[in-house]
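The structure appears right after this line, and notes come after that.
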Amino acid sequence: MFKSIFGKSFATTSFACAAAVILFAGVFAPATFAAGFVKQDLNYTDSLDSLANPECGFYNAQVTKFYPDGSTNCGDGYVCHTWGKIFQMRVDISRFSDNGCFKRDDRCETQRFNPAMTASNGRQTVADSCKEAVQAKQAADSKFCKSQPFTEEFLSTIREFFQEARDENRSLIVRLSYDSWYDGHQNGEPDQEQIRKHLEQIGPLYSEYSDVIVYVELGIYGRWGEQNGSYQGTNAVIADAMQTLLDNTVPEIKTGPRRPDIISVWHGLGNSQGYADFVVDSSLAKAAFAKKGDDIYRVGIYNDGYLGNSGDMGTYGMGWPNGLTRENGIRYFETYSHHVPFGGELVYNSNESRGPINSPRYLSYEGFRTHTSYLHRGYDENVINAWNDSTFDGEHDPEYIGHDGFTYVRNHLGYRYILRESNVMDSVGIGGKLKANLKIENVGFGNMTQRRKVTLVLKQGSTVREIVPSKAFDPWDLLSRPVTLDATAAEINSVNGSVAVMQYAKYGSGLHEVSIEAALPENLPQGEWDVYVRISRNANYPADSNYQTVRFGNAVSQFDSTTGSNYIGKFVLSDKVPVEEDVFIAPQEFANIAPQKLANISIRLDGSALYVRGAREVNVFDLNGNLILSRNGLDEMGSTRIEDSALQQNHGVLIVRGKNALGQTAIQKVRLAR
């Protein structure tokens with residue numbers, strides 16, 4: 001069935017008609033309309049603006065102490081709530097552990113009330129007087145620390161925090177710790193069975209808010225939840241807790257321990273000789289990795305010694321005599337953690353021979369390998385101040401050369417999409433398909449870590465329509481620039497953790513060519529429309545209140561804050577434009593005409609002149625259906641050149657209709673240049 005520009009349809013069941021279709025298709029095939037793609041006159045550069053996109057950036061943090069009765073405390077004068085675009089909830093659950101109420105100056109500091117501590121394991125059993133004191137406090141004060149499951153009141157209150165973040169369009173990083181006030185207390189955890197129970201209880205709540213919770217820093221053990229200063233927090237025990245969390249959350253929840261050697265033990269690759277087996281490309285490691293299934297793509301680390309020295313202050317190098325090297329850790333993250341957040345807290349320069357690496361220039365190399373996406377805004381201020389005072393000179397990011405280093409790092413945390421080229425169909429017929437071909441570059445260190453949807457937003461004056469495309473790209477696949485090392489393992493290890501390693505770096509591209517296609521509603525008003533790409537969580541404008549929409553890093557003038565969408569160009573909708581399948585228009589009697597008697601009609605444009613062959617009559621219209629010129633009595637056997645001032649005065653897309661003596665009609669779109 002072929003649909004005419006006038007809304008009529010003609011059957012093509014007879015051989016004669018089918019043959020005619022073949023004859024005309026050779027001249028007016030759909031490929032003819034490829035010329036309708038027009039490069040849009042837009043700004044294709046990085047604006048260097050700070051973006052408030054979900055998932056990534058510099059985060060704020062606050063410690064919130066939760067009590068079994070559901071009450072909270074954030075310190076004198078502080079209101080407990082979330083704020084900013086990305087926020088770290090440091091959840092103090094010390095009141096759910098017998099060991100959580102001790103302070104640094106408590107006389108029981110090294111003799112915790114913990115049944116696991118006995119003389120047989122080399123640690124002194126807690127004094128009876130201390131036990132009695134703790135038990136007395138537990139009996140007298142319902143808020144005093146007591147190992148127990150999470151209460152419904154606690155779970156209800158923390159849900160309110162998660163809901164507030166959702167309502168305010170925020171992203172959360174969550175860490176649990178039994179260290180009271182995150183003040184550096186050791187051994188605050190309850191026994192492992194109770195820890196598992198807590199993770200089993202809170203896992204479903206994390207899953208319920210998987211759109212809000214970007215990353216769960218496993219925490220739990222040791223000082224500040226950083227998994228040091230804990231008698232029971234061995235790598236195997238921490239790995240067990242991590243697996244418990246993975247088993248009790250949906251795949252969208254990403255988590256990780258403090259260090260990669262814990263991940264190595266999780267894979268069963270650690271032993272008494274260290275972590276020599278944790279080599280990403282080895283057959284042994286690959287076999288161990290395969291056993292974890294898709295869980296491997298959910299795991300990273302949180303690096304609270306980031307860039308402090310060549311080992312990130314104990315993040316890398318753990319294990320004797322074969323420590324887990326920085327390169328092996330990074331290779332793991334760049335291979336399996338494409339969509340897992342990476343970041344933490346910066347550390348000021350540690351005095352060592354390899355020199356500082358906490359510079360924007362070094363991050364322009366390693367940040368792309370680890371997919372760095374979030375950093376603490378307040379730690380370390382010395383490093384951040386130095387970045388503000390520095391000038392970026394990385395040759396692989398020319399748009400940032402000469403700007404301060406802080407701007408470079410801020411704008412590269414996580415993903416950052418820059419529209420580098422947009423080609424949109426200049427015109428579409430009623431009920432036709434709108435198509436666009438785009439070039440989008442992810443210039444950020446990282447990638448999108450949560451799934452989002454792509455829609456098209458069309459605007460004409462006050463009229464706004466969101467359309468779900470029949471074909472679209474997935475922003476998940478817009479990966480950042482790959483960076484590899486072209487060197488031997490020995491060469492890398494000799495300079496690893498220093499700026500010198502950058503001499504071996506090979507930089508790829510984060511540029512992606514994508515397309516999008518959408519069938520337009522037949523009731524869409526004719527005329528010129530602006531087209532926007534919208535990346536959002538729910539794809540339901542305006543009901544979704546622009547929840548988790550993503551702005552490109554181009555000029556702010558190309559972002560529509562009302563719809564949360566990015567401008568890619570314009571097109572004209574007109575009933576004078578054939579839809580893609582409308583190669584020609586034939587009258588009803590067309591089926592009775594023998595194919596060999598059909599004359600070809602060809603129309604082409606050369607500059608401002610039209611050349612027509614095989615037509616007796618030619619009419620030219622603009623996209624609003626206005627007749628611009630008409631010619632009759634043309635020589636069908638020859639080629640006729642038509643050049644008229646009316647053509648020269650009408651730039652842009654025109655519709656040319658040619659008709660021969662048999663009544664056969666062909667339609668062609670042409671574009672007149674200025």
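The values are calculated or read from the model by the stated rules, or taken from the named source; none is laboratory data. Computed from a prediction, not measured in an experiment: that's the story for all the values here. FYI the Cβ positions are ideal-geometry reconstructions off the backbone, even for glycines, and counts take in every protein chain you see. Note: areas computed on protein heavy atoms with side chains; ligands, DNA, RNA excluded. Shrake-Rupley method; radii C 1.70, N 1.55, O 1.52, S 1.80 Å.
Below is a table of values for the structure above.
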| quantity | calculated |
| --- | --- |
| Answer label, with Cα extents along the principal axes in Å calculated from the coordinates and candidates (1) 115, 55, 48; (2) 92, 74, 34; (3) 79, 50, 48 | (1) |
| Share of carbon and sulfur in the accessible heavy-atom surface of the range 422-560 [1.4 Å probe, %] | 47 percent |
| Tilt relative to the chain, helix 360-370 - C-alpha long axis, 0 to 90 degrees, to 10 | 90 degrees |
| 11 Å beta-carbon shell around Thr391, net charge (K/R +1, D/E -1) | -2 |
| The chain, relative contact order in percent, only Cα pairs under 8 angstrom and at least six apart counted | 13 percent |
| Calculated Rg and Dmax of the range 285-378 using C-alpha coordinates, Å | 13.8, 41 |
| Centroid-to-centroid separation of the range 433-456 and the range 258-272 [C-alpha atoms, Å] | 35 Å |
| Mean Cβ count within 10 Å, highest first, over the residues of peptides 560-571, 316-327 | 560-571, 316-327 |
| Packing-based order for 452-459, 90-97, using average beta carbon neighbours within 10 Å, highest first | 90-97, 452-459 |
| Virtual spin-label span in nm between Ile401 and Arg377, 7 Å along Cα→Cβ | 3.3 nm |
| Anchor Lys85: aspartates and glutamates whose Cα lies under 17 Å away (excluding residues fewer than 8 positions away in-chain) | Asp49, Glu55, Glu164, Asp167, Glu168, Asp211 |
| Average Cα contact separation per residue, the range 373-417, under 8 Å, 6 or more apart, as relative contact order % | 38 percent |
| For the chain, accessible area per residue (1.4 Å probe, heavy atoms of protein chains only), Å² | 41 Å² |
| Antiparallel %, DSSP beta bridges [both residues in the chain], to 5 | 70 percent |
| Burial ranking of peptide ranges 439-451, 399-411 (average Cβ count within 10 Å, highest at the top) | 439-451, 399-411 |
| Cα-Cα separations in the range 134-245 greater than 17 Å, expressed as whole percent | 59 percent |
| Residue-averaged [θ]222 nm for the chain, counting only DSSP H segments that reach four residues, each worth -39500 (n - 2.57) | -6000 deg cm²/dmol |
| Cα centroid separation - the range 46-101 against the range 296-369, whole Å | 24 Å |
| Lys, Arg +1 and Asp, Glu -1 on Cβ, resulting dipole of the chain about Cα centre, debye, nearest 20 | 1640 debye |
| In the range 502-568, GluC sites (Glu not before Pro) in a DSSP loop with at most 14 other beta-carbon atoms within 10 Å | Glu522 |
| Dipole of the chain, positive end: most advanced residue of Gly663, Ile202, Phe342 [Cβ charges, Cα centre] | Gly663 |
| Rg(Cα)/(2.2 N^0.38 Å) for the range 367-465, N = residue count | 1.51 |
| Per-residue SASA entry for Ser147, accessible area with 1.4 Å probe, Å² rounded to 10 | 40 Å² |
| Nearby lysines by direct alpha-carbon distance to Lys39 (threshold 23 angstrom, same-chain neighbours under 8 apart not counted) | Lys433, Lys435, Lys439, Lys459, Lys471, Lys570, Lys576, Lys669 |
| Anchor Lys254: lysines whose Cα lies under 16 Å away (excluding residues fewer than 8 positions away in-chain) | Lys292 |
| Trypsin sites (Lys or Arg not before Pro) restricted to the range 247-318 and DSSP loop, no more than 13 other C-beta within 10 Å | Lys291 |
| Charge sum, other residues only, whose C-beta stays under 9 Å from Glu345's C-beta, Lys/Arg counted +1 and Asp/Glu -1 | -2 |
| Taking the range 240-304 and dividing mean pair separation by its residue count, relative contact order in percent (alpha carbons under 8 Å, at least six apart) | 43 percent |
